[in-house]
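The values are calculated or read from the model by the stated rules, or taken from the named source; none is laboratory data. Every value quoted in this text rests on a predicted model; they were computed, and no experiment measured them. A quick note on method: Cβ atoms are made from the backbone with ideal geometry, for glycine too, and the neighbour counts reach across all protein chains shown.
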Number of protein chains: 4
Amino acid sequence: MKTDYKAMAGQKPTFCSDYMAGAHPKVMEALNETNLMNTAGYGTDPISETARNRIREAVSAPEAEIFFLAGGTQTNATVITALLQPYQGVLSSVEGHISVHEAGAIEHNGHKVLPLPCERGKITAESVRRYCEHYRGDEAWDHIVMPGLVYVTHPTEYGTLYSRSEMEELRKVCDDFGLKLYLDGARLAYGLASSENDLTLPDIARLCDAFYIGGTKCGALFGEAVVFPKPGTVPHFFMITKLMGALLAKGRIPGVMFDALFTDGLYESLGKAAVEASQRIQDVLEEKGYELLFRSPTNQIFVIMEDGTFKKMLEKIDFEYWDKYDESRTVVRFVTSWSTTEEDVAALLNIL
Amino acid sequence: MKTDYKAMAGQKPTFCSDYMAGAHPKVMEALNETNLMNTAGYGTDPISETARNRIREAVSAPEAEIFFLAGGTQTNATVITALLQPYQGVLSSVEGHISVHEAGAIEHNGHKVLPLPCERGKITAESVRRYCEHYRGDEAWDHIVMPGLVYVTHPTEYGTLYSRSEMEELRKVCDDFGLKLYLDGARLAYGLASSENDLTLPDIARLCDAFYIGGTKCGALFGEAVVFPKPGTVPHFFMITKLMGALLAKGRIPGVMFDALFTDGLYESLGKAAVEASQRIQDVLEEKGYELLFRSPTNQIFVIMEDGTFKKMLEKIDFEYWDKYDESRTVVRFVTSWSTTEEDVAALLNIL
Amino acid sequence: MKTDYKAMAGQKPTFCSDYMAGAHPKVMEALNETNLMNTAGYGTDPISETARNRIREAVSAPEAEIFFLAGGTQTNATVITALLQPYQGVLSSVEGHISVHEAGAIEHNGHKVLPLPCERGKITAESVRRYCEHYRGDEAWDHIVMPGLVYVTHPTEYGTLYSRSEMEELRKVCDDFGLKLYLDGARLAYGLASSENDLTLPDIARLCDAFYIGGTKCGALFGEAVVFPKPGTVPHFFMITKLMGALLAKGRIPGVMFDALFTDGLYESLGKAAVEASQRIQDVLEEKGYELLFRSPTNQIFVIMEDGTFKKMLEKIDFEYWDKYDESRTVVRFVTSWSTTEEDVAALLNIL
Amino acid sequence: MKTDYKAMAGQKPTFCSDYMAGAHPKVMEALNETNLMNTAGYGTDPISETARNRIREAVSAPEAEIFFLAGGTQTNATVITALLQPYQGVLSSVEGHISVHEAGAIEHNGHKVLPLPCERGKITAESVRRYCEHYRGDEAWDHIVMPGLVYVTHPTEYGTLYSRSEMEELRKVCDDFGLKLYLDGARLAYGLASSENDLTLPDIARLCDAFYIGGTKCGALFGEAVVFPKPGTVPHFFMITKLMGALLAKGRIPGVMFDALFTDGLYESLGKAAVEASQRIQDVLEEKGYELLFRSPTNQIFVIMEDGTFKKMLEKIDFEYWDKYDESRTVVRFVTSWSTTEEDVAALLNIL
């Protein structure tokens, strides 16, 4: 007997994260339309190639090599392993996703995550430079893990954004020390859509050796698009995805979804709706005297809240504990997404 | 501008493999129906739990631990790594998928694949016993990789099937030598649906320490259901999936698909249609004097064909080269699937 | 033509480290005496067993399992890999040898080093407790590396010592959180010989799941003795040493050396001479107004020195740069060892 | 109380292996002579450099990069890992040491050992060619492990030898398919000393990308000299040895030993004595009607022996079981070495 899905829907509006719903309706439409087509496997089909071409155009890198993987941790582990020599480590914010929240996936593949200090998720070119200079200056340098790559997230785990000039400085320090630069764009749609953002897709492609355009959190059922702007950056990356268990037999499926996401500007437009909702909510939070941890330019909102308020609010709205702030207060997080509705926002604003 | 998908459809009926089309219509229906629901991530949602319960019932293991992963190589690498001690290897048919066609994914995770001789993809309890006795008898045994697990595919890479008694013998030899037993069911639907099969899902759950029920090749967009019939078989398997990059943030998606596949017997019935088509095709091949490599009980057909015939037939139908047979002949493979239509079969029969 | 080794000897007294000379004369004597004996390989010979028995007695653990490995990094990587589950990490001082100076050997074997704050190389039970409580309290704990082991060095990289009660507290917190405790005794002889030390070998064996007694820095040509006080702590450790490349074919050689080191109290007595030299040097340094970074209880001395003094002193004595202290001053390190002679000490004191 | 080593000496002459005794007397002499010298660590001392220069001269590769590691399995794992890309495997005889007797050390480091058929331990250029052609021809090649390196042993595990022309053919096929060539010379002294050998050290250096000159089985207490004839073959190999746990702090020790081994032709002369003993023993075995598995050109002798004869002979002489030959017969192995004495040989010949 068929499952009664309706009965399983959450009863409260949710601001827990941006991977709570399925796919954007236009993405589902493309999946439905192509569903019974027969095409070759492993991403060698014409729809995946169309999607890759759309992305090449969007990032202004006509020769970019593009691969569709399933999820973020998998993508980070696969790309970082592919970009590093076996004896190298990856520099990351101490609060970076790969440093904290991927259960040791980078280390499982043999590489150390070298932590850098960060402010609201962002590292600086200066801290990379200091690390590398110390590394080079150390007499015992051959006993220390050699940095080979800088990892940044954009937006960061705190929803903050790198400016174009900050990224250019990071590129500069990477060039100075022979490092590669890799950008994790799990939530990239929400970054691109922010009015504070001045870092475009072509900028990212120009400045990074590799980056990924997030699908899972940005409107797809799953899937991340790995982009190597310069061809030949990683020889045999296809084979590497296979041995990492990251190659999908039905490679077409993410291809179809990214084709839809990069048709008629959907990717940026779905981000825009979410960021606008986030800004509206923050406006009201500020008006009502809530204390923001900081004003977030994207779809993640961090609020310092009395523990009692937090608990009471949870009865009506789903959102998440982030961290203890002090004895009596908690940092909580609200996340909007492409699937956040007017009704959701209204319900939230109503109880503030 | 929207992509014209129709123009991209293959022009010829295809028998290349069972991962050419999207998902079974009933699976797509469930995805569409649930698409805008908001539920918790990482497989902790109620739909995934419903799917797990349906599988627990189908395999008669009410306490089974079940996890949904994305693809076959990922699943094999994750489960085998989880079941083995770091110093153990996995016994597999020398032609087993993990031995040949996974680009070294098992070795990437630190384990040797110990090859056993096979006949049409099948290994025997006797060959496992011989290996283990030699291993134990060897004076230098501590310098040799200790076998920790037996890996079988059902159906095998040749579409052949283990009988229940063969699996019971494998279980017996595993018990005798302290080995675990793991069954790769990438094409399990086509095995369960074969009239020659006497190995039921409950049998598999009773005899194996772990197995997976294939989704990618059996009607899902992607996804494999890992089943540990006895709870506690692998502590912290959830964490292991995370560090292997195999944990999906939108864990609900494969949950929905397996819920549909295990509703009203869909999983077995979609296999049945494919196997019936395969049998009909083999009947006609035999009638017309083609030489089968052997009569296949499932959805993969192997034919020894003159090179010229092969090339000519390829002009009208898509199917695959398997191996050179001799100077002038080739072994080719035809695969039927849940998406094979009456028209496809008619087109193939028409040119035989 | 034979090499003229004499011509290659350093011209200056050296205080660079404790691995500059060969083996203690009594160790060489044992190697010479046994040199042409034929015995079985891989540590299965009777001399190695005698050495193991001497160590079992010295640590008061009559059933201890003991293995001789070649060097410190190898030993740490092998023991830590053997003690951890594949999904676990190891807690270490942020300045711990495994965290900084082993070129990523732990990560190469798949495990994250989880850094704890330290003071002069020492961590506290309290910091372990805080880490574990935070880890457990985090809602997303399954995405974070699970700590499985606490790693300490004794003496530490700064020559400091854990007291017995500090180690008992560490054992307590390990028990509370299901962690193992491992002590790296690369310089253990110099710790045991310190008048400030109250942690005996039997204490270490009682409190730790594993530890190693350093040979390389403490009088052997090479070699570390791994001790698992409780038998069965790591099944198949012999096999693990083999696959880690840590099993010596001529396992007898370190066996002979540890037999000599644990005969008639040689191990502690050679440490004593070095620590006494270190104390004498520190006395004079203090008298002459040099600024010690802290008074060291063992064989490593850290002095804050004007850059000019440092350079000038280097002309007459070999010792090492440790770190920049400020604009004009450097922290330098003097190390005494079993091979430090009266003449070496006199030469150093002479130029202070 | 000092151990009575004499009482621990084996009572029977031994032909078990070539790692039963300590070091050649001239090697011990050098260790004794240099013992109390103070020199820099990690192989940066002048004696190690002298040893490297002696080897550079012996192999006619004045720019060769040379590193001293501790043992054979460690050396194979380190060099092979360093030479391969992460997605590549190593072609080896199915009976090769890395394939069978290293407990999965290569796989532990992430690489598959790709087995080739062999005859008495030797592979052929032709079998490498067939493997590579099949690999390239396979449509699904990206799912198969790419071969990156050919591994040979010289002498092989059966004591057999590659001729210069066979090695030139292997080099040729490696060049044709972009493979590297690596020679494991664990018993190289016994190969170089064989009258059947026409492969010189300069030949090996000219034909191989890397090789190692065995010390452990050829007169050293331990130690293998890794030679990369062309500089730059492996960037940062020093760092790789560190992260593999293969870097010795007292790097001078193997340096001293290899210095002695490559002084005045010691390395070849100690091999010659062992091979002559082996030939004399084989002459007598043949005279007395024993059945050799084949006539061995080096220091390993394989005899097919009645089980009863084997057991009886074991009462007087130590040697090893190799394999069952048939119901009533066993293949046994006698190994001579630099430490085999006239008395040992006489005792063996006496009981034949």
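Summary of computed values
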| quantity | calculated |
| --- | --- |
| Matching residues in region D:41-62 - criterion: being without any contact (Cβ under 8 Å) to a residue 12 or more places away in the chain and facing chain C (nearest Cβ under 8 Å) | D:Pro46 |
| Test result for D:Val275, within 23 Å of D:Ala189 (Cα to Cα) and out of contact with any Phe, Trp or Tyr (no Cβ under 7 Å at 6 or more places or on another chain) | no |
| Subset tally (residues that are over 17 Å from D:Cys118 (Cβ atoms) and in a helix (DSSP H, G or I)) for region D:175-204 | 11 |
| Qualifying residue in region B:152-166 (condition: among the aliphatic types (A, V, I, L, M) and either part of a loop (DSSP other than H, G, I, E, B) or more than 29 Å from B:Leu293 (Cβ to Cβ) (or both)) | yes |
| Residue within region A:126-147 that is more than 14 Å from every other protein chain (Cβ to nearest Cβ), in contact (Cβ under 8 Å) with a residue 60 or more places away in the chain and in contact with a helix residue (DSSP H, G or I) (Cβ under 6 Å, 6 or more places away or on another chain) present | no |
| Boolean, C:Gly71 is at positive phi and not aliphatic (A, V, I, L, M) | no |
| Selection from region A:222-268 of residues that are more than 10 Å from every other protein chain (Cβ to nearest Cβ) and of a type in the set (Ser, Thr, Tyr) | A:Thr233, A:Tyr267 |
| Condition check for D:Val234: part of a loop (DSSP other than H, G, I, E, B) and either in contact with a Pro (Cβ under 7 Å, 6 or more places away or on another chain) or under 21 Å from D:His108 (Cα atoms) (or both) | yes |
| Total residues in region A:79-113, condition surrounded by fewer than 24 Cβ atoms within 10 Å (Cβ to Cβ) and charged (D, E, K, R) | 1 |
| Residue in region A:152-174 that is within 14 Å of chain C (Cβ to nearest Cβ), closer than 22 Å to A:Thr81 by Cβ and under 15 Å from the mean Cα position of the chain (by Cα) present | yes |
| Count - residues of region A:63-90 that are more than 14 Å from chain B (Cβ to nearest Cβ) and more than 22 Å from A:Ala189 (Cα to Cα) | 8 |
| Qualifying residue in region A:206-221 (condition: within 8 Å of chain B (Cβ to nearest Cβ) and either closer than 30 Å to A:Asp175 by Cα or surrounded by fewer than 20 Cβ atoms within 10 Å (Cβ to Cβ) (or both)) | no |
| Residue match in region A:311-323 (condition: modelled with pLDDT under 95, of a type in the set (A, V, I, L, M, F, W, C) and buried (at least 17 other Cβ atoms within 10 Å of the Cβ)) | yes |
| Qualifying residues in region D:329-351 (those that are assigned to a loop (DSSP other than H, G, I, E, B) and in contact with a helix residue (DSSP H, G or I) (Cβ under 6 Å, 6 or more places away or on another chain)) - the one surrounded by the most Cβ atoms within 10 Å (Cβ to Cβ) | D:Ser337 |
| Test: residue in region C:238-259 that is farther than 22 Å from D:Leu247 by Cβ and part of a loop (DSSP other than H, G, I, E, B) | no |
| Which numbered condition B:Asn76 fails, given (1) under 15 Å from B:Leu181 (Cα atoms); (2) surrounded by fewer than 24 Cβ atoms within 10 Å (Cβ to Cβ); (3) in contact (Cβ under 8 Å) with a residue 24 or more places away in the chain | (2) |
| Any chance A:Met8 is farther than 30 Å from B:Gly10 by Cα, crowded, with 23+ Cβ neighbours inside 10 Å and within 7 Å of another protein chain (Cβ to nearest Cβ) | no |
| Qualifying residue in region B:107-121 (condition: within 14 Å of chain A (Cβ to nearest Cβ), of a type in the set (A, V, I, L, M) and farther than 24 Å from B:Phe294 by Cβ) | yes |
| Number of the condition not met by C:Glu169 [criteria: (1) touching a residue at least 12 places away in the same chain (Cβ under 8 Å); (2) in a loop (DSSP other than H, G, I, E, B)] | (2) |
| Filter result (in contact (Cβ under 8 Å) with a residue 40 or more places away in the chain and of a type in the set (Ser, Thr, Tyr)) within region B:1-29 | B:Thr14, B:Ser17, B:Tyr19 |
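Residue by residue, here is whether (1) modelled with pLDDT of 95 or more; (2) more than 17 Å from the chain's Cα centre (by Cα) holds:
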position	(1), (2)
A:Ala70	yes, no
A:Val79	yes, no
A:Gly89	yes, yes
A:Asn109	yes, yes
A:Glu133	no, yes
A:Asp138	no, yes
